[in-house]
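No value in this document is a laboratory result; all are computed from the given coordinates. Computed from a prediction, not measured in an experiment: that's the story for all the values here. Please note: Cβ atoms are built from the backbone with ideal geometry, for glycine as well, and neighbour counts cover all protein chains shown.
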Amino acid sequence: MKHTFTRIIILLMVNLSLGFPQENKSIRPADENYKNGNGFETNQNRLPQLLRDVKVLLSDALIADVMEDSLEVVYNLNSIFDLLTEADQYGDMNDEDREEFDRFEDGLINLYTHSFNTIDKIDGVITAEHLRMDITSITEPLEVQMGATKFTVVDDRDGHIPLVRNKKVDQLIKYFQTKGRRQFEIWLDRLDVYGPMINQIIHECNLPPELVYLAMIESGFNPKAYSKAAANGMWQFIYSTGKLYGLERNWYVDERRDPEKATRAACAYLTDLYDEFDNWYLALAAYNAGEGRVRRGTRIHQTSDFWQLHSLPRETRNYIPYFLAATIIAENQEKYGFYKKEKKKPAFGYDIVQIEKSADLMVLARSAETTYKKLRNLNSELRQSATPTKGYALKIPKGKKDIFMANYNALPENERFAPQFVSHKVRNGES
């Protein structure tokens, strides 16, 4: 009874903080025939219901935080961010819907940042974007005249992104050495995990090796990173761009959160951007702000010199110095006071086993003699606690394939595979 009362109070507090969703707004379906992963048609405005669902999950997360149940907190927060990334799948929002959604999201992120005590938010799913926004608020505007900026060339080898230092880059280097230090250390730890895989793909695509640090500033190498723009994954693809570059999203998977597939998609996208602008600073600016804004900037200022495109959004004007600062430090860590740990985290690696039908991840984890959490982390693109119905290439810890096959095949079929459900929309005249 006490728990129920607490839940009601917290839910009321959440509603007061975030506002109550309106019922009378409309979303224009992007495609009348579109269906979501559950098989239900998206021909109605589901935004109010989504926001209500998020508020219930948030109240549960806050209760779990009071109860110091960090696993329950993380579960509910992950469910919230999964729901928010679906918003762009509902169709085009009108101005009122977009205003309400943005206000709601701002309130949610404020609660996430200031109201939870049992989780380490510095390692959370929205930290990398928050750090960029923090830097945008504290850095000075770029100098108006190119002549006012003095550059020191750090590296300008062929086949590499030119590394230079100026006042703004030095300011951001100092930021990472002080206020942003702990976060940057976490990113360097993850570089040990994901760097080898990313570097290999970048090399295969004949791209500059410095691009590995783009994933660092976009997401902190977090495969489940989420941003206000509904971008998702290590490379922060929005749904439409991810789809354009072959990243699937359905009821079971969101391939923007697959580190390897997203890296290959990012390399293809970056190749296209460089082919268009023939300049890596402009290509990276377009990755952040979109090709259209960079094209307009070069037309307005009649130059392809990034440092003179003062009409670009402030975040984008800071984006290249931010990237340069992170890259310069990461390439020479000890010089800037970051020392490698004696024991590195193992590099991202796995074995693959083919699962014929939908299977419960808990059963699969036991079969691989690993934890549910480790299995979820290896298969970060999975959105449900089961694999897809049409089969799935499951990643398991390296060296576990034989023991997995022995354990899994020893199970009766009704334990190996999850129950199958078929969704059906009831039509007029049916009962």
Arrange the peptides 238-244, 409-415 so that the one whose residues have, on average, the most other Cβ atoms within 10 Å appears first.
238-244, 409-415
Stretch gain in nm, segment T271-K341, where the contour uses 0.36 nm per residue and the Cα spacing is subtracted:
21.8 nm
Full extension between W251 and D192 adds, at 0.36 nm per residue less the Cα distance, a length in nm of 18.1 nm
If I model a spin label at E331 and R157 as a point 7 Å from the Cα along the Cα→Cβ vector, what separation in nanometres do I get?
0.8 nm
Extended-chain gain in nm, criterion 0.36 nm per residue less alpha-carbon gap, D69 and K150
24.0 nm
Net charge around L247, counting only other residues with Cβ within less than 10 Å of its Cβ (Lys, Arg = +1; Asp, Glu = -1)?
+1
Give the calculated FRET efficiency between R181 and C205 to the nearest 0.05, with a Förster radius of 41 Å applied to their Cβ-Cβ distance.
0.80
Paramagnetic label zone (point 7 Å from Cα along Cα-to-C-beta, Q171; backbone N under 14 Å) in the stretch 287-319:
314-319
What is the sum of charges around N199, taking Lys and Arg as +1, Asp and Glu as -1, for the other residues whose C-beta is under 14 Å from the C-beta of N199?
-3
